[in-house]
Amino acid sequence: MNKNRSLLVLFLLLFTGTLSAQNSINLNAAEARTTISKEIYGHFAEHLGRCIYGGIYVGEDSDIPNIQGYREDVMGALKDMHIPLLRWPGGCFADTYHWKDGIGPKHERPSIVNVNWGGVTEDNSFGTHEFLNFCELIDAEPYVNINVGSGTVQEASEWVEYVTSSNVSPMTDLRKKNGREKPWDVKFWGIGNENWGCGGNMTPEYYADLYNRFATYCHGDLYRIAGGPNVDDYNWMDVLMQKTTRHRQLVQGVSLHYYTFTTSWGNKGSATDFGEKEWFSVLNRTLRMDELITKHSAIMDKYDPEKKIGLIVDEWGDWFNVEEGTNPGFLYQQNTLRDALVAGINLNIFNNHADRVKMANIAQMVNVLQSVILTKEDQMVLTPTYFVFKMYAVHQDAQLLPMHIDCEDYELDGNKVPAISASASLKDGKVSITLCNLNPEKAEKLDINLTGLNLTTASGQIITSQNMNDYNDFDQDERVNLQNFNVKKPKDGKLSLELPAKSVVLVQLQ
Ligand code: AHR
């Protein structure tokens, strides 16, 4: 700021009280170079609580309307949301899962105990065929997670062959005998999950060697994903990158897991009963995703400067206390407007890091943690998070417009976060800008300046509600959903708007 402008600002502050907030975003079409992978909008379904059984799959004999045993209502909602990808069978469950238990005639499949999640009996009626056929029906890419913790290399190798091979072999004969002639098209394979924890409590050195061994025998043109670090374990990332990239063809992606609690693992907080202090804390912790991605990417750059290896955030989202009266091992939680903000902020962060983040999977799709769908017997509820995914689908496979943002802070008790989170993309001549106003009390005025685009029309959508902890529930009218949002036409390359307090907004310009 030059001296004269500084004096003017000072004068205005002294004689007019507070200056009205000025937030601005600058976008330049010439900077659109990176594609936002549609897989950033991926989901995760584990054999955990009522995610698979009851949430997705009820069996053909169920009274709940279904197609081949899959819930009709859930399938319809997922298609409307444009789900691009689904990860399965876990999570911690993956490193206990032996895939041959889940193929063949259902009455012959053995039952196992789900040791991670409530000790319930798993009858294996939803297995490889049921998962892959489900993905075909909802038009989502499958992402299969292999068992490294308690599985063998042979088991992993045979699973890949059973699913993807068109050769004549014992595994492909078995697949055909089980009713599937053609292979499925499965590109994404995770090799282990959280191998620093539930996936074997390994050191990064030991896991990296094991990864190389497993990956060597998973044949084909696959996108292999190594089990990456927990949150800020930068040493894990460094060791893994160093040891796996020696055999560059074996690794295409590395995962990262980061969940948001209200304050800590020991104090996850309530999903619905909270005030502004907890609202702020959760949003502040969500913003940490940007720092984690930046720092992990910098380590990846050392070994992969061309950014060929994707950072795969295959577990993220809010993790709160389970709802009262539900099984603590089932991780069932409600989902409020605060979760919508958490989803919107995370997705903006992933978009803005599209050069390195190639996939992300919110945990989990139905009835577990930050779900987009909740079910109770034959009823279904779409959560605020669902509407964010539906709104943000416009970014899938669009060109990222790098964000130059200048915004004021949202402050609480001496702590600050930027009041606005945003990302933008360009597709078929249309600019889509997604915006979150984190401040629950104050609307934010915003100017968007567009360079290199002659845009004349504008439309908008909004997700907001009267209270920060409003949610959708069974036997109630939907409180939080997508509504139209009026936006003035852009003029001379500039659009001015006001973002209502605690809202997620989409603006589209053409
Ligand atoms: O999503 C629930 C669990 O969280 C997953 O099984 C595990 O990978 C993570 O710790």
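Rule-based calculations on the coordinates, nothing more; no lab input. In this text the structure is predicted, and so the values were computed from the model without any measurement. Neighbour counts run over all protein chains shown; Cβ positions are idealised from the backbone, glycine included.
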Seminar exercise, completed: Descending packing, highest mean Cβ count within 10 Å first, for 384-392, 298-306, 460-468 is 384-392, 460-468, 298-306
For this session: Order by neighbour count: Thr152, Thr164, fewest other Cβ atoms within 10 Å first, most last.
Result: Thr152, Thr164
Exercise. Among the listed pairs Lys38/Lys243; Lys79/Lys307; Lys38/Lys176; Lys38/Lys430, which are separated by more than 20 Å between their Cα atoms?
Worked result: Lys38/Lys243; Lys79/Lys307; Lys38/Lys176
Exercise. Classify the range 38-396: rounded, prolate or oblate, from the alpha-carbon gyration tensor (a ≥ b ≥ c, eigenvalue square roots; a/c under 1.5 rounded; otherwise prolate if a/b is larger than b/c)?
Worked result: oblate
Problem set entry | Estimated vicinal HN-Hα couplings, Hz - the range 360-373 in sequence order (Karplus 6.51, -1.76, 1.60; Gly, Pro = x) | 8, 9, 6, 10, 10, 5, 9, 6, 9, 6, 7, 7, 8, 9
Exercise. Does the range 207-301 classify as rounded, prolate or oblate by the C-alpha gyration tensor (a ≥ b ≥ c root eigenvalues; a/c under 1.5 gives rounded; else a/b over b/c gives prolate, otherwise oblate)?
Worked result: prolate
For this session: Please give the calculated 222 nm ellipticity per residue for the chain, where each DSSP H segment of at least 4 residues contributes -39500 (n - 2.57) and the sum is spread over every residue; nearest 500 deg cm²/dmol?
Result: -8000 deg cm²/dmol
Seminar exercise, completed: Exposure-ranked with fewest Cβ neighbours within 10 Å first, Leu382, Leu210, Leu174 stand as Leu174, Leu210, Leu382
Exercise. Listing Asp139, Asp473 from the residue with the fewest other Cβ atoms within 10 Å to the one with the most, what is the order?
Worked result: Asp139, Asp473
For this session: Please report, in debye to the nearest 20, how large the charge dipole of the chain is about its Cα centre when each Lys and Arg carries +1 at its beta carbon and each Asp and Glu carries -1 there.
Result: 1700
Exercise. In units of 2.2 N^0.38 Å, what is the alpha-carbon radius of gyration of the range 64-138?
Worked result: 1.19
Exercise. Hey, if you put +1 on the Cβ of every Lys and Arg and -1 on every Asp and Glu Cβ in the range 38-396, which of Leu132, Pro65, Ile52 ends up farthest toward the positive end of that dipole?
Worked result: Leu132
For this session: Just tell me which lysines come within less than 16 Å, Cα to Cα, of Lys445; anything on the same chain fewer than 8 places away is out.
Result: Lys488, Lys489, Lys494, Lys502
Problem set entry | Mean Cβ count within 10 Å, highest first, over the residues of peptides 235-247, 63-75, 425-437 | 425-437, 235-247, 63-75
Exercise. Which whole-number percent is the relative contact order of the chain (Cα, under 8 Å, 6+ apart)?
Worked result: 19
Problem set entry | Restricting the range 390-478 to GluC sites (Glu not before Pro) in coil, as DSSP defines it, with at most 15 other Cβ within 10 Å | Glu441, Glu478
Exercise. In the chain, which cysteines lack any other cysteine Cβ under 4.7 Å from their own?
Worked result: Cys51, Cys135, Cys218, Cys407, Cys436
